[in-house]
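**Q** First, the structure itself, so that you have it in front of you.
Since every read-out is calculated from the coordinates, none of them should be taken as a lab result. Keep in mind it's a predicted model, so treat the numbers as computed, not measured. Methodologically, a virtual Cβ is constructed for each residue, glycine included, from the backbone with ideal geometry; neighbour enumeration extends over all protein chains shown.
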Amino acid sequence: MSRPEGIEFVDDDASRMHYGRDWTRFWTPAPHSIAFPRSTEEVVALVAWARDEGRALVPSGGRTGLSGGAVAADGEVVVAFDRMRDVLELDPAEPSIRVQAGVAVGEVQRRAAEAGFDYPVDWSAADSSQVGGSVATNAGGIRVLRYGMTRDWVRGLTVVTGRGEVLALNRGLIKNNAGLDLRHLMIGSEGILGLITEVTLGLTDAPPERSVLLLAFSGLDAVMPAFQALRAGLSLSAFEFFDAASVQAVAAAGDRTFPLEAIAPFHAVVEFDDPDGSAQDAALAVFEQLVDAGRVVDGLVSQSGSQADELWHWREAISESITPRTPYKNDVSVRVSRVPAFLEALDELVGRQYPDFEVVWFGHIGDGNLHMNVLRPEAWSVEDFREACNRLTPAVFELVGRFGGSLSAEHGVGLLKRDYLASIKSADEIALMRAIKQVFDPDGILNPGKLLTVER
Amino acid sequence: MKILVPIKRVVDYNVRVRVKSDGSGVETEGVKMSINPFDEIALEEALRIKEAGKAEEVIVCSIGSKDCQQQLRTGLAMGADRALHVLTDDEVQPLAAARALLKLVEKEDPKIVFLGKQAIDDDCNQTGQMLAALWQRPQATFASKVDLDGEIATVTREVDAGLETLEVDLPAVLTSDLRLNEPRFVKLPDIMKAKRKPLEEIALAELGVDAGPALETTAFEPPPKRAGGRMLESVQELVDELKNKGLL
């Protein structure tokens, strides 16, 4: 097979294993090789070559995805953006930052902070995940409550389509009402329409000092009223909840002691603006009110930045701590007001079908997003477990549909939820998505089989 | 037995410290302030001694502006019984702090004064030692382990050569090192209780000590910016480069 000149390729087994998968472990990586373009021009050359050769391309960022969007299990060429890590410009007047697609999201956050600004979109894997991937998946994370998702911060994109066109979308403008905004079509498109090579992100002012509460709830029904009371009394930037199983997983993985005396059925890490320590009084007032109402049983508040980090750890480390148990992940969302009823119904459903399965709940609750993780019992093989989960999936998604929710709040569809898309999108919507895919990628070389099935 | 724990209000350990644009000091406006981490460790140890039934009272104290009461309240919420606040808006250097603390020691008659080994803002590492000298009592600094037995404290210290164990007669000054313990979190109900604990204000001037600065700071400047990294094409180039710099 000929290869486009000047572009670095590798195809050793270790690299193919590494670059062929994301954080999911359900598919066996089997890419053909991995290409490392260094510029938009080299990506154009790769696309032209792939069209000639009839070779599928799988764009690959930090591969921290949880839906198999970056999995290459079918002889594809992985396009890794690891050699496109330049920060091109930081404009303090707008403020905005323009970077190549391979720059880590954590790096954008650091550069913004050094310049006295903030890139507020954040999640546990920010240091490993890349900007291009975060745009392609419209990543959300822990401060969506205050700042929205990646989509809300994208000011400009350079994209190479499946036809080899280079599109400079929106060109960093803040205001630009001039017809269809293709930028937004690319955000969250999971690599099926184009390869993102450059991104301009908006920045905001440096955040005020913040403090963190760790609360223990008497039960599930206490969580939403507590959220409402805290939201009314404080300027919240995050409200992240997790259950007792999450605490046990993090404690076991990191050999840590939970800072509250007892592990309650549900906890939340609550972050709020506390510029001069004065908001702690307001936090205390809400806390007293919640204790009196029997909703909160215990609580801590951070007195320093390192204590805040330690409290955050109990939420941020959950996903990583349960990875060895090959969790069957569900990233579902419903309207905020429906969260408790939905959670109860879902818990009941899993408990009924698989009483032996251990379920770990955590999520962003303040934005209606829940992560349900079913853990593989130690005695089960990955295959048997996956099969059992697959039998569960239709019922879960049927429930999501009944509650008017989404089967992918922030992780994307990828391979994992592709076959269930019809449970939340109409046939008309899916047909239009296919038609759009056809326009941007007529040869079907871009991330085939992700999000939409390949029609043969 | 009483334990007196002096705590200092400093810029939070996690904050990126910025020098003021006019070079007159570091920026503290709108910056998160906390108890000096070493002092927090000293306080934690004092509380553990009390909880083990070896002390009756833990008193936190601080010297500085009205804002220090925030940190004193945190100390009370952690479990200290009462607080003393020596009020001044002027800069307080280690010798002045030691002189003021001596006055509090004379007033309270503690068996142990437990401080952090140094404050993370000026890194002086002097106040505890100076207080011991002024008080004419033993000192055991950089403690990584403390055992009390009646009138004797056995203290393990972290020194360059390893660990050193001292026995000191009480009353004495102890200072804490990083590995002595891990301070507790503050529970919300305890913050409520802390509001009702006594906090006594004393003007620095009333103590009748010479609190004038012994040192004059002439300028503040940030460390020089690090030069950016350079990508080299080959190992040979790296070797040549290191040789040119005389590093190989």
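**Q** Counting only other chains, what is the mean number of Cβ atoms within 10 angstrom of the Cβ of each residue in peptide A:304-310?
**A** 6
**Q** Could you give the distance between the Cα centres of the range A:345-388 and the range A:269-340, to the whole Å?
**A** Each part's Cα centre sits 22 Å from the other's.
**Q** To the nearest 0.05, how large is the calculated FRET efficiency for B:Arg226 and A:Asp82 if R₀ is 22 Å and r is the Cβ-Cβ distance?
**A** With a Förster radius of 22 Å, E is 0.40.
**Q** Here is a further query. Taking every residue in B:30-36, how many Cβ atoms of other protein chains lie within 10 Å of its Cβ, on average?
**A** Shielding by partners across B:30-36 averages 5.
**Q** Using only the Cα atoms, work out Rg/Rh for the range A:87-205, with Rh taken as the Kirkwood radius, to two decimals.
**A** Ratio of gyration radius to Kirkwood radius for the range A:87-205: 0.94.
**Q** Taking the number of other C-beta atoms within 10 Å as the exposure measure, put A:Glu190, B:Glu164, B:Glu216 in order starting with the fewest.
**A** The order, fewest Cβ neighbours first, is B:Glu216, B:Glu164, A:Glu190.
**Q** Can you figure out the FRET efficiency of A:Asp11 with A:Ile430, using R₀ = 41 Å and their beta-carbon distance, to the nearest 0.05?
**A** 0.70
**Q** May I pose another question? Rounded if a/c is under 1.5, else prolate if a/b beats b/c, else oblate: with a ≥ b ≥ c from the C-alpha gyration tensor eigenvalues square-rooted, which is the range A:210-319?
**A** Oblate is the answer for the range A:210-319, as a/c is 1.5 or above yet b/c matches or exceeds a/b.
**Q** Past the 19 Å Cα-Cα mark, which pairs from B:Lys54/B:Lys193; B:Lys2/B:Lys193; B:Lys8/B:Lys145; B:Lys66/B:Lys107; B:Lys117/B:Lys195; B:Lys2/B:Lys197?
**A** Over 19 Å apart, Cα to Cα: B:Lys54/B:Lys193; B:Lys2/B:Lys193; B:Lys8/B:Lys145; B:Lys66/B:Lys107; B:Lys117/B:Lys195.
**Q** Using per-residue counts of other Cβ atoms within 10 Å, averaged over each peptide, order B:238-247, A:31-40 from highest down.
**A** The most tightly packed comes first, giving A:31-40, B:238-247.
**Q** In what order do B:Lys2, A:Lys417, B:Lys145 fall by count of nearby beta-carbon atoms within 10 Å, going from fewest to most?
**A** In order of increasing Cβ crowding within 10 Å: B:Lys145, B:Lys2, A:Lys417.
**Q** Which of the trypsin sites (Lys or Arg not before Pro) across the range A:72-179 are loop residues per DSSP, with 10 or fewer other Cβ within 10 Å?
**A** Counting only loop positions with at most 10 other Cβ atoms within 10 Å, the trypsin sites (Lys or Arg not before Pro) in the range A:72-179 are A:Lys175.
**Q** Order by neighbour count: B:Cys124, A:Cys389, fewest other Cβ atoms within 10 Å first, most last.
**A** B:Cys124, A:Cys389
**Q** On each of the three principal axes of the Cα atoms of the range A:8-80, give max minus min coordinate, whole Å, ordered largest first.
**A** For the range A:8-80, the Cα extents along the three principal axes come out at 32, 19, 19 Å.
**Q** Run the numbers for A:Gln438 and A:Asp281: contour at 0.36 nm per residue of separation, minus the present Cα-Cα distance, in nm.
**A** Length gained, A:Gln438 through A:Asp281: 50.8 nm.
**Q** Count the net charge of all other residues whose Cβ sits under 15 Å from the Cβ of A:Asp276, scoring Lys and Arg as +1 and Asp and Glu as -1.
**A** -3
**Q** Can I ask one more? Across chain B, how large is the tail of the calculated P(r) beyond 28 Å, expressed as a percent of all Cα pairs?
**A** In whole percent, the share of Cα-Cα pairs in chain B beyond 28 Å is 39.
**Q** With a Förster radius of 56 Å, plug the Cβ-Cβ distance of A:Arg163 and A:Gln228 into 1/(1 + (r/R0)^6) and report the FRET value to the nearest 0.05.
**A** 0.70
**Q** For chain A, with equal point scatterers placed on the C-alpha atoms only and solvent neglected, what are the log10 I(q)/I(0) values from the Debye formula at q = 0.06, 0.11, 0.12 1/Å, to two decimals?
**A** -0.26, -0.91, -1.07
**Q** On to the next question. Over the range A:230-304, what relative contact order in percent results from Cα pairs under 8 Å that are six or more residues apart?
**A** The value is 38 percent.
**Q** Starting from one equal scatterer on each C-alpha and no solvent at all, send me the Debye-based log10 I(q)/I(0) for the range A:370-456 at q = 0.22 Å⁻¹, two decimals.
**A** For the range A:370-456, the Cα-only Debye profile gives -1.15.
**Q** Further question on the same structure: Give me the extension gain from A:Leu349 to A:Asn177: residue separation times 0.36 nm, minus the current Cα-Cα distance, reported in nm with one decimal.
**A** Computed gain between A:Leu349 and A:Asn177 is 57.3 nm.
**Q** Just want to confirm a number: the relative contact order over the range A:87-205, from Cα pairs under 8 angstrom separated by 6+ residues, in percent.
**A** Result for the range A:87-205 is 32 percent.
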